[in-house]
Amino acid sequence: MRTSTFIRSTGIALVLAAAAPAFADDQSTPAAPPAAPADAAAAPAAPTPFLKWSGHVEVGDTATTQTGARSLNWGHLFTDRDGEVLLNQASIAVEHDIDSSSKKTNWGFRVQGVYGADARYTHTLGILNNTTDGINQFDFFEADVQAHFPVLTPGGMDVKAGIYPTLLGAEVMDATGNFFYTHNYIFNFGVPLKHTGVLTTTHFKTFDLMLGVDSGINSSFGTAGDANGAPAFLGGLTYNGKLVTVAFSTHIGPEDARGSVDFSGRPIDANTAMRYLFDTVITYKISPKLTSLTDMNYIQDDGYHVSGGGISEQMVYTYNDYLSFGLRGEVWDD
């Protein structure tokens with residue numbers, strides 16, 4: 001089990017305004033300007049820009065209590081270097097949002113590129129292969145087209161196609177979506193990070209249903225992009241309550257590479273040996289300031305006859321708009 005604490009703060013901006021006092025003289029008071037008509041039209045709102053740009057840079061360092069020569073942080077992937085400052089990710093994204101609440105069909109897209117040490121592990125097979133052999137590499141966290149269709153349910157259906165982040169897990173690739181700098185073991189070893197394929201999200205009153213098909217875990221297409229020739233299933237069901245959100249998700253499909261053999265030396269049929277990943281995330285708003293995030297995970301591979309799983313608990317206390325405190329504990333067994 002490990003626990004981590006992290007303090008995040010943001011800047012505070014103060015705006016001060018001063019009004020000069022007015023003095024009367026011996027002249028007559030001028031007449032007040034006429035009041036605006038009650039039905040005067042309000043100024044039109046500024047149009048929403050077609051494109052939205054965003055970016056961030058994450059730099060950090062982790063260290064162990066081990067003495068002597070530098071070593072790796074055992075059990076870490078993204079923060080694996082002991083005592084070495086890493087450029088984890090320098091990212092820029094451009095997008096045109098879809099309106100999932102609209103009663104009309106609309107479309108959008110999102111492309112997010114990244115450069116840094118995290119790209120060693122978020123890499124999509126077949127995309128930007130062998131671009132560099134350094135610790136900092138290039139990757140796309142996302143590159144997809146999206147559409148909203150007002151069909152099937154009052155909330156309609158959203159569709160995305162391309163490279164998109166996974167449904168599984170409580171943590172995400174984009175550093176701005178995580179409270180902690182380090183990742184839990186589930187994110188490192190128990191869930192995919194992204195997929196290449198098609199994903200639908202159907203909106204019900206309090207539930208969202210996700211169904212999709214993809215080429216596999218962190219893979220694309222072709223012999224250089226997919227370790228085998230079989231598709232995989234991605235699905236999820238999310239309950240959206242006032243205080244509690246429960247998100248169940250799964251990814252099922254063959255993931256072992258062509259030519260693999262098990263621990264007994266027997267060949268694995270890469271297109272039929274299934275890998276099952278299940279994940280449930282429960283977000284509970286205990287109070288206006290305290291939030292609990294529970295991540296439960298299980299993974300099984302039929303080719304190698306191995307399994308793993310665990311549970312991670314994260315508590316975040318929001319002291320005010322600028323300061324929060326977090327505590328995380330985890331049990332993981334593989």
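Return yes or no: is His195 under 20 Å from Val114 (Cα atoms) and touching a strand residue (DSSP E or B) at 6+ places or on another chain (Cβ under 6 Å)? Here the answer is yes, as His195 does meet what is asked.
Return yes or no: is Leu128 hydrophobic (A, V, I, L, M, F, W, C), open to solvent by 50 Å² or more (accessible area, probe 1.4 Å) and outside any loop (DSSP other than H, G, I, E, B)? Considered against the rule, which asks whether it is hydrophobic (A, V, I, L, M, F, W, C), open to solvent by 50 Å² or more (accessible area, probe 1.4 Å) and outside any loop (DSSP other than H, G, I, E, B), Leu128 comes out as no. When restricted to residues that are in a loop (DSSP other than H, G, I, E, B), over 17 Å from Gly155 (Cβ atoms) and open to solvent by less than 50 Å² (accessible area, probe 1.4 Å), the range 94-125 contains 4. Given the condition under 30 Å from Arg266 (Cα atoms), assigned to a loop (DSSP other than H, G, I, E, B), open to solvent by 60 Å² or more (accessible area, probe 1.4 Å) and among the hydroxyl-bearing types (Ser, Thr, Tyr), answer yes or no: does some residue in the range 304-315 qualify? Yes, the conditions are met somewhere in the range 304-315. Selection within the range 77-89: residues that are out of contact with any His (no Cβ under 8 Å at 6 or more places or on another chain) and of a type outside the set (D, E, K, R). The member of this set that is surrounded by the fewest Cβ atoms within 10 Å (Cβ to Cβ) is Val85. All conditions but one from (1) farther than 30 Å from Glu58 by Cα; (2) more than 18 Å from the chain's Cα centre (by Cα); (3) of a type in the set (S, T, N, Q) apply to Thr201; the one that does not is (2).
Taken over the range 321-334, the residue count meeting the criterion of being open to solvent by less than 60 Å² (accessible area, probe 1.4 Å), more than 19 Å from the chain's Cα centre (by Cα) and of a type outside the set (Phe, Trp, Tyr) is 4.
The condition of being over 24 Å from Thr200 (Cα atoms) and touching a residue at least 12 places away in the same chain (Cβ under 8 Å) holds for only one of Thr122, Thr79, Thr105, that being Thr79. When Thr272 is tested against (1) among the β-branched types (Val, Ile, Thr); (2) under 23 Å from Asp295 (Cα atoms); (3) at pLDDT below 95, only condition (2) is not met.
The values are calculated or read from the model by the stated rules, or taken from the named source; none is laboratory data. These figures come from a predicted structure and were not determined experimentally. Quick reminder, even Gly has a Cβ in these numbers, built from the backbone with ideal geometry, and neighbours come from all protein chains shown. Note: accessible area is taken over every heavy atom of the protein model, side chains too, but ligands, DNA and RNA are not part of it. Shrake-Rupley method; radii C 1.70, N 1.55, O 1.52, S 1.80 Å.
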